[in-house]
Every structure is written in C-alpha cells, then in structure tokens.
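K.L.:
I have a structure I would like to understand better, so I am pasting it below and will then ask my questions one at a time.
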C-alpha cells in the first residue's frame, strides 16, 4: 500500500468524505472464563475538521474506543473505515503503517522516550515512515517551532516541564501530517496552568482545520470541543454538537 | 531503520548505561570465542608440527627389509632367508611400474676418528636419491652424496648435525677429513637440523651417510639391510608395494602374499592415520569450543530478554507511532549481533595475541605453534554469527509480538 507522504489534514477522506466511519463496533475481552464486553455496538462518524470530545465515567469503554479509532487494537466485530480505508481486517504491519500515516497520538503520560532529545522524539514517526534524514530533521524542527519549543529541541524529556513534554508529544503527533489527532486525557497529568496551555494549543489546531478526537474527564476541555460524545457501558448515550 | 547512525548512538548509550551488564555479556562471548578459536588453533599447531616430525623420517616412503619366508612356495619350505643385493634393486627399478624412487641401504657400526676424538657411529651406505626421500637436507655450504660419488666410489661422507657437533666441535666439518673404518673420508655436507620422531636405524642427526658403492667396498657387505621406495603420489604406495612383492617374489621365489618374506613399513599409513586422528581431535576441540560459545550465547539471550522486558514500554510507544514488527525485530536482532560481534572481535584478537605469544616461547616445544588460520577465523565467525542470531532472534521476536496497547501501559 502506498499513501502519499504528505497530505492535507482535512482533505482526502474516503469516498463519502468521512474520516472516521464506524458501524456496529464491538470489543469483547475474553480472558478465558470471563468475557468482558467493553464496547457493545458503537456507531461513530467523524468528518474532516471536527473536534470531538469523548466523555464518560471510568470503565465506560472510552479508552477502548480511542484505541480502536487509532488502530492500536482491532474490533471484535463491526466495520471501520479510516480515511475511506477499511482497516478492521488489516494485519499488524498494515495497521502500523495506518497509524504511522493517518493517526497522531497524544497520551496522558506523554509517552516520550526518555533517552532521546525532543527533536529525536519528534523525528521518530518520520523515521518509521521512511522519511530521509534531512527532511526528517527539517519537519521535526518545524513542528517543534509551531508548538513553541524551538529553543528546547536538544533537551531530553527529564529536562522539560510537564506542559513542555506534552507539547513535544503534540509536535510528534503532527509530524507525519496525519488525517486525525487522537488524544487520551491530554491534560490529565498536568497542573491547571500547563493544562490550559495544552487545551489552547489543541483548540488552535482545530482552528487550523485539523480533525481531533479527545478522550477527557476535563469539562473545560470538553467544552471547547465542537461535539461531545458520551459513552456509558460500551454504548454511545449522547452525541451532540456543542452550543457555540 | 533508515538511520544506522542514530541506531548506533542509541546502542552505545544503552550499553554504556548498563556497563556491568554489557561487560558480562560481552565477556561471555569473548570467552566462548577464545575457546573455539584457541582450541582449533592449538589443534592446528599440533597437527602441523607432528606432520613435520613424521616427515623427518621420510616423505611418505615405504621401508622394506628382507627377512624370512613364512609360507612354502613351489616345493620350497618356509623359513628360507630372502637376500637382496644391488642387482635385485636394479631389477626392481627396471621391472616395477610406477616406482618414483628406490634406494638400497646398508648399515653398520663403524669407528670414526677426527683429531683426538673417536666415536662408534651408525653408518649407512645409500644412493643419492635417498637424501630427498628421507628428507635429509644439507645445511648451507654442504651437499648430499651425488651420482659421481656413487660411480667413482668416492670416500665422501654426509654427517648428522648432532654427530658433527660432537666430533668436530667448533670446526666447520665441510672439507675436513675424518677417518672412517681406517680410511680417510672427506666431509661433503652436514644434515640441516630437523624434527624426527621415528626411525629404524638410529636418528639421522647422529649418523654418517656414504655412497653404497663405497660402503660395499669398505666393508665387503653384499646384501642390503633394507631398501626404501615410493610411488609418484602417496596414495599409490599400497598398490606399488603389491607390485614390488610380486616382482621380487618371482625373482627370489617366494609367495607374493607372504607377509613375512619382506618386512614392510608404509609410512603413508602413519600420515593417513594421523590425519584421521587429528580430524577427530579437532572436531572434539571445536565441539567443546562451540559448547562454550553456546553457553555465552545463552547468556546474551537472557540479557536480551531482560532488555526487551525493560524496554517493553518503549517498544509499545514505537509501535503506536508506526514501527512495524520487523523494525522492532531488526533493532533487537541487530543490537544482539553488534554485541556478539564486539565480543567476537575481542576474542579473536586475544586468540591472535596468544598465538603470537606462544610462538618463540618454551611452550612452543610442547604444543607447536598455534595457528589462527583464516579458515579457523572464518569458522569461528560463522559460529559466532549463528549464536548471535539465535541469541537475539527469540527475545527480538517476543518484542515484535508485543501488543502496543498492553506494552504502553507498563
């Protein structure tokens, strides 16, 4: 399979223009004796340029849903098109390619590699995407500048504050110019000030036309999203556009 | 991975941050490499040295000494003495096919005197070709006996090196006159020192060699004590011996299948036997070395398993960012191979240093010079490569099979 290396963040969705199109998605964790139904039939459609907040209590299945959206995991049943491509039946390596080119992840605990500098961390997805050394460096520096860390590129994560680490993670998520940015509690490990910085940055990305799906407990962040999807017991209970 | 440089930098960082672990891992490989390479090198040294000493007796010759028949033949009883003289040797030379060289040998103990010193010496009367067949090479400035010496029955003598030291002391023997059995002889050459570990009439270094024609004239001996011959190639010796027995049996009237009429010592058998023995010996040494190296490899494999466990989260993150299974596999495999290669190179260097140290030390007399031949180095490298690959493969495969969601939560 061969995707173009760069593409516009809001274009090129599938035939019907949706970026995410999930129908009847279920996820069952089978641990031998006990079967846990984490998702029990999710339908979810996200269009280019949307900012979707997924909310719900702990154990509702929202993180599972985010993992499925990001192709980190595969559904037990249902169909899933990401950017027009059917991804439900892909093998591990094909999924890795899809994640690399279509998805940018931002995690609660940042998930930066501690032994690498900020620049090397941001370069990593480009490395896996087969981007050459010079181009890799140029694009990584560019993304770091956009998140306001041009003066921190040679710092290691331990030399950065929590807010700075999350901004490095966001730069990393954007490095491959993905179709969609997925964030799992991006402000969960941050103090109020840094959290609000990160929120502003995400909102700014939305303003630039990027598509975001964010799992959050943070009401402030959910309020900024254009659409709030509430999950409870593995089902979508409400899905509404926020009142502007 | 497109960036080998950044891989190496990361590897160096990882190895440096776990100095003790790295050291122990590499040490296991070094130990194993030294075991394989050194055992094989010593084996090769022993082999070469022993082959050289065997050749001191002669270069794959057959030694035959006329004896007594043990079978009745054409109405003649057993126990008859077989006597061979110079005309029989000439007969064999004419009649037997595939005879590359043949020389009679007459032996006696004769009194030799030089200056005030007198010694009782093993003296052999032989043909000029004897020198080449028995690896009797003259030291610089001398020569072996030659056809003219033979034809003219010259009184010339070729002296063993230790006997020369004993009899002539500091004087250069070549050109000196020595009294042998009451007649003056001119020394034409001295034996160049050689390894010799077997003999049939005294060690060459303590003998005197004179032309067989001179010997017969000097002592009146007619019958040869023995004769030596060889085929053009060593593997022809066995068939050649059969033809020699057949021809001589017909002339001397004994049964060619009579194993006693002529005593036969085919030195080729010794080489063949020894080569086989050394092959088995080297296989054994190599096997022991490979076992040791395998133990080292198991150590590396364990370490790599620990490394994979420690880096589970890192692997999960990389996979989430789009690293394929084989990228992860390749990284760990390469890392193991690099570790193994470092250990292997150090091990080979140590082995080489050891070989160099043994050469010229007293140990050399006991075991010969260990030889780290390209073949041995290549073999060791191949075994190392295999061990490294296997040691790295299974931990790396475990890493590649991790589920990114689970791995990232650790």
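Rule-based calculations on the coordinates, nothing more; no lab input. Since this is a predicted model, take the numbers as computed values, not measurements. Heads up, the Cβs are rebuilt from the backbone with ideal geometry, glycines too, and the neighbour counts pull from every protein chain shown.
K.L.:
Tell me the relative contact order for chain B as a rounded percent, counting alpha carbon contacts under 8 Å between residues six or more apart. Mind dumping the intermediate values first?
P.N.:
On the way: 718 pairs, mean separation 115.4, N = 410.
Rounded, it is 28 percent for chain B.
K.L.:
Between the helical axis of A:162-174 and the dominant principal axis of chain A, each derived from Cα atoms, what acute angle in degrees is found, rounded to the nearest 10?
P.N.:
80 degrees
K.L.:
Shape of region A:52-161 from its Cα gyration tensor (a ≥ b ≥ c, root eigenvalues): rounded if a/c is under 1.5, otherwise prolate when a/b > b/c, or oblate? Please list the in-between numbers first.
P.N.:
Numbers: a/c = 2.56, a/b = 1.55, b/c = 1.66.
Because a/c hits 1.5 or more and a/b fails to exceed b/c, region A:52-161 counts as oblate.
K.L.:
Specify the angular offset, from 0 to 90 degrees and rounded to the nearest 10, of the alpha carbon long axis of helix B:4-17 from the longest principal axis of the alpha carbons in chain B.
P.N.:
For B:4-17 against chain B, the angle is about 90 degrees.
K.L.:
Classify region B:178-299: rounded, prolate or oblate, from the alpha-carbon gyration tensor (a ≥ b ≥ c, eigenvalue square roots; a/c under 1.5 rounded; otherwise prolate if a/b is larger than b/c)?
P.N.:
Details: a/c = 4.26, a/b = 1.68, b/c = 2.54.
It comes out oblate by the Cα gyration axes.
K.L.:
With 27 Å as the cut-off, how large is the P(r) tail for chain A, expressed as percent of Cα-Cα pairs?
P.N.:
Of all Cα-Cα pairs in chain A, 33 percent lie more than 27 Å apart.
K.L.:
Would you mind ranking B:346, A:25 by Cβ crowding within 10 Å, fewest neighbours first? Mind dumping the intermediate values first?
P.N.:
Working: B:346 16, A:25 23.
Listing B:346, A:25 from fewest to most nearby Cβ atoms yields B:346, A:25.
K.L.:
Could you work out the relative contact order of region B:103-230, using alpha carbon pairs under 8 angstrom and six or more residues apart, expressed as a whole percent?
P.N.:
On the way: 271 pairs, mean separation 47.9, N = 128.
Dividing the mean separation by the residue count of region B:103-230 yields 37 percent.
K.L.:
At what distance in angstrom do the alpha carbon centres of region A:44-97 and region B:291-326 lie from each other?
P.N.:
29 Å
K.L.:
Kirkwood hydrodynamic radius of the protein assembly as shown from all distinct Cα pairs, in Å?
P.N.:
That comes to 32.5 Å for the protein assembly as shown.
K.L.:
In addition: Could you quote the convex hull projected area for region A:198-244, Cα atoms only and averaged over all directions, in nm²? Please list the in-between numbers first.
P.N.:
Working: hull surface 14.3 nm².
It is 3.6 nm².
K.L.:
Decide, for region A:32-113, between rounded, prolate and oblate: order the square roots of the alpha carbon gyration tensor eigenvalues as a ≥ b ≥ c, take rounded if a/c falls under 1.5, and otherwise choose prolate if a/b is larger than b/c, else oblate.
P.N.:
Rounded is the answer for region A:32-113, as its axis ratio a/c remains below 1.5.
K.L.:
While we're on this one: Which percent of the Cα-Cα distances in chain B go past 34 Å?
P.N.:
54 percent
K.L.:
Further question: Mind checking B:302-315 for the average number of partner chain beta-carbons within 10 Å of each residue's beta-carbon? Mind dumping the intermediate values first?
P.N.:
Values: counts 0, 0, 0, 0, 0, 0, 0, 0, 0, 2, 0, 4, 5, 0.
Averaged over the peptide's residues, the number is 1.
K.L.:
Arrange B:192, B:230, B:19, B:252 by Cβ neighbour counts within 10 Å, fewest through most, would you? Each step should come with its number before you reach the end.
P.N.:
Working: B:192 14, B:230 26, B:19 9, B:252 19.
Going from sparsest to densest Cβ surroundings: B:19, B:192, B:252, B:230.
K.L.:
Averaging over all projection directions, find the projected area of the Cα convex hull of region B:252-348 and quote it in nm² with one decimal place.
P.N.:
Numbers: hull surface 45.6 nm².
Reported value for the Cα convex hull: 11.4 nm².
K.L.:
For a footprinting-style exposure proxy, rank B:67, A:200 by other Cβ within 10 Å, fewest first. Before the final figure, lay out each step's value.
P.N.:
Values: B:67 16, A:200 11.
If I rank by nearby Cβ atoms, fewest first, I get A:200, B:67.
K.L.:
Run the helix sum for the protein assembly as shown: -39,500 (n - 2.57) per DSSP H stretch of 4+ residues, divided by residue count, reported at 222 nm to the nearest 500 deg cm²/dmol. Each step should come with its number before you reach the end.
P.N.:
Details: 21 runs with 309 residues, N = 654.
Taking each H run of at least 4 residues, the total per residue is -15500 deg cm²/dmol.
K.L.:
How big is region B:307-398 by the Kirkwood estimate over distinct Cα pairs, in Å?
P.N.:
Details: mean 1/r = 0.0639 Å⁻¹.
Taking the inverse mean of 1/r over all distinct Cα pairs, region B:307-398 comes out at 15.7 Å.
K.L.:
What are the radius of gyration and Dmax of region B:103-230, computed over its Cα atoms and given in Å?
P.N.:
Rg, Dmax (Cα atoms, Å): 13.1, 41.
K.L.:
May I pose another question? What do you get for the angle between helix B:325-358 and the principal long axis of chain B? Use alpha-carbon atoms, 0 to 90 degrees, nearest ten.
P.N.:
With both axes taken from Cα atoms, the answer is about 30 degrees.
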